[in-house]
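The values are calculated or read from the model by the stated rules, or taken from the named source; none is laboratory data. These numbers come from a predicted model, not from an experiment. A quick note on method: Cβ atoms are made from the backbone with ideal geometry, for glycine too, and the neighbour counts reach across all protein chains shown.
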Amino acid sequence: MSEFVEAFPQVKRVIIDATERPVQRAKDKDKQRDDYLGKKTRHTRSHLALVEPNRKILTFSHAYAGRHNDKGILNQEG
């Protein structure tokens, strides 16, 4: 978080949310299990976005397997 504050010192409020994008189902069973998101009943990749209230995207994380949730990605990103 300190890196974010240094990069965007003018930002006072930020919205943190994950978004999923659909991906083609893998042929490997283990990979299928990682990418499958039961909530959306499809295979996805998840990204964590930090956005200002005026909808300006500040940063977007790299892709995580669809099974990861918002809090899990935030903990990994630091």
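Pairs please, first residue from segment 8-29 and surrounded by 11 or more Cβ atoms within 10 Å (Cβ to Cβ), second anywhere and among the hydroxyl-bearing types (Ser, Thr, Tyr), Cβ atoms under 8 Å, 6+ apart in sequence or on different chains. From residues that are surrounded by 11 or more Cβ atoms within 10 Å (Cβ to Cβ), the pairs are Ala18/Ser46; Thr19/Ser46; Glu20/Thr44; Glu20/Ser46; Pro22/Thr44; Val23/Thr44.
Regarding Leu74, is this residue modelled with pLDDT under 75, surrounded by 15 or more Cβ atoms within 10 Å (Cβ to Cβ) and not polar (S, T, N, Q)? Quick ask: steps written out before the conclusion?
Working: modelled with pLDDT under 75: no; surrounded by 15 or more Cβ atoms within 10 Å (Cβ to Cβ): yes; not polar (S, T, N, Q): yes.
When the stated conditions are applied, Leu74 does not pass them.
Evaluate the following for Tyr36: is it over 27 Å from Glu3 (Cβ atoms), under 16 Å from the mean Cα position of the chain (by Cα) and either at pLDDT 80 or above or aromatic (Phe, Trp, Tyr) (or both)? Here the answer is yes, as Tyr36 does meet what is asked.
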